[in-house]
1. In whole Hz, with x marking every Gly and Pro, tabulate ³J(HN,Hα) for the stretch B:287-294 from phi via Karplus 6.51 cos²θ - 1.76 cosθ + 1.60, θ = phi - 60°.
2. Can you find, among A:Phe221, A:Cys333, A:Gly201, the residue sitting farthest towards the positive end of the charge dipole of the stretch A:187-338, where Lys and Arg contribute +1 and Asp and Glu -1 at Cβ?
3. In terms of Cα to Cα distance under 20 Å, which aspartates and glutamates are near enough to B:Lys18, apart from those fewer than 8 places away along the same chain?
4. So what's the back-of-envelope 222 nm ellipticity for chain B, counting only DSSP H runs of four-plus at -39500 (n - 2.57) apiece and dividing by all residues, rounded to 500?
5. Identify, among B:Gly295, A:Phe134, A:Phe245, the residue whose Cα sits farthest towards the positive end of the charge dipole of the protein assembly as shown, taking +1 on the Cβ of Lys and Arg and -1 on the Cβ of Asp and Glu, with the dipole about the Cα centre.
6. Kindly express, to the nearest 10 degrees and within the range 0 to 90, the angle between helix B:143-166's C-alpha long axis and the longest C-alpha principal axis of chain B.
7. Just want the answer: with Cβ charges of +1 for Lys and Arg and -1 for Asp and Glu, which residue in A:Ile54, A:Ala167, A:Pro316 is farthest toward the dipole's positive end in the stretch A:18-335?
8. From the convex hull of the Cα coordinates of the protein assembly as shown, what is the mean projected area in square nanometres?
There are 2 protein chains.
Amino acid sequence: MGVVIPLEEGKNKQASVKPLVDLTRLDMDRVNQLILSKAGSDVQMIPEVANHLISSGGKRLRPMLTLAAAQMFGYEGDGHIKLATSVEFMHTATLLHDDVVDESDLRRGKSTARMIWGNQASVLVGDFLLGQAFKMMVETGSMDALDVLASAAAVIAEGEVLQLSVAKNMETTEDDYLSVIRAKTAALFAAAAEVGPIIAGNDKSARSALRSYGMNLGLAFQLVDDALDYGGKAADLGKNVGDDFREGKITLPVILSYRRGTPEDRAFWKTAIEDGQSSDENLQQALALIGKYNGLADTIARAKHYGAIARDALSPLPASAHKAALMEVIDFCIERVN
Amino acid sequence: MGVVIPLEEGKNKQASVKPLVDLTRLDMDRVNQLILSKAGSDVQMIPEVANHLISSGGKRLRPMLTLAAAQMFGYEGDGHIKLATSVEFMHTATLLHDDVVDESDLRRGKSTARMIWGNQASVLVGDFLLGQAFKMMVETGSMDALDVLASAAAVIAEGEVLQLSVAKNMETTEDDYLSVIRAKTAALFAAAAEVGPIIAGNDKSARSALRSYGMNLGLAFQLVDDALDYGGKAADLGKNVGDDFREGKITLPVILSYRRGTPEDRAFWKTAIEDGQSSDENLQQALALIGKYNGLADTIARAKHYGAIARDALSPLPASAHKAALMEVIDFCIERVN
């Protein structure tokens, strides 16, 4: 099952992350060097575990947001390199802990660190990276950036715990679900973007514009991710269609299909998700119900809504290559579903 | 098996933590309030898990160190309350993650959080408390305190990973072991003490005096803890004699007994620790070998050595009730083995 996203009228090419990559290329080289250096330790297992995840080919969207958001306000120091690296370390630490919490075997098509080095190393190397992240933030000397990123760290963990407590509960509403992804995904996107204007010494309105952009981009990004889990291809995703289903995760395609379904449909979802009856046959049934009730298309429609908010958040800023690149990232995130 | 520690000449009473408790009582009330408030969350599981551990009756030695170290330099703001709370949260987060890493069932005589709420909640609530700790540090506005505590967070995690990599390896030297406990225990004691003079605006010599005091007190504290595991009573400890043995942990009593033993003794230790043959019969044999080679008494002797360094670190400071209380804590930590 795939979802075809109609391109906006007047657009003749697919949106790309390439303009953002090009604008941040030189700074990203410095970030990548700093990542390698700060993930180093005399304790051999630390760089092994850290580099396994760091080198596994994520797009590094979050640190690029920080770099672009600092550049667009004319920042010329090196604080944004440290903040971008901190953001990536916070993200990596979250992934290490998530894989333990979710008992995941695969991430981006590779064995998770916990499968190779064990849960213990994943928990502790995550803690190490968090500590290194805070040290780098301190080096920048920006209390405001520290405040934003420390708050994000607490909110992310809070969101993960919230996710545990709504897990396998089919009565989860769309609002409950939004609270979870706002905390566990969007908060770091928001912080990553906001620290750009902060380190550049910018005013409150620039901060709130970038924060709102990041928050809503993060929501759109996560919604599309959740749709892809029921509609993408394993090779693209590094994970298999239905992974969320098999883990009993409640995501928006499921919530919509459940709430729009007949009593029989709802009974099916309860058996599948709450009782963990996630056979391949039940996955096919789930995919059929999601199709029947427009679960994917409407999840993408919701993602577009947040994308539109992100776009309007940036709108008042003067035109620039950076603004255009950040705008295009919104479309890129949404158009991944093809 | 017990170890009788001869009291120093001229001393007629056992050292106590009471003077420190009395001096910090009012501030500790504020710390306890702040702990409850900052461990709160709309996500119900977070205060449940946090309060389980927070209310389980630890002595809160680390935050008391921070409070006393700030008071002794005449600090009158409320930053030390936030720093002391941050220190306790960092400690609590470490315990939550440790119990997952060590797969522990009991802590201070109570079921560990992971046994009640699962590993997932323990990892994530630990992350939440770490985030809250950094937010409070930011509120104090002290970059130096942030730097010291963020560095400690990274070092603690590094020490835990190092401990994993030396785990069950009988060739671990006393130096290897010291590197582990310096990182995983002493670093937080050092940071807890050092942030006192920092928040009080004090100079470099006061900072290094308190840091050295905390570091060496932490080493003494951990060494005594390790001795108690082979010589204490379960009711006092909230854990059972031989827990470290059953978990295959390498601690100084074991290292000394192994290195001083015959080839047969060493073969026994390898079987017991490296191959995990930790039956009650083998525990009795281990206790006998530790007794034969003075493993406990000499571990305590090492603890006294670090206690003496801690004492000399404080010596140059002017006499005060706080200095006397901090000095007495050194003896208290060591004389717990009775």
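Each value in this text was obtained by applying a stated rule to the coordinates, not by laboratory testing. On a predicted model such as this, the values are computed, not experimentally measured, just so you know. Positions of Cβ are generated from backbone atoms using ideal geometry, with glycine treated the same way; all protein chains shown enter the neighbour counts.
1. 4, 5, 5, 4, x, 4, 9, 6
2. Value: A:Gly201.
3. B:Glu8, B:Asp27, B:Asp29, B:Glu88, B:Asp225, B:Asp236, B:Glu328, B:Asp331, B:Glu335
4. About -23000 deg cm²/dmol.
5. It is A:Phe134.
6. 10
7. Among A:Ile54, A:Ala167, A:Pro316, the one farthest towards the positive end of the dipole of the stretch A:18-335 is A:Pro316.
8. 31.3
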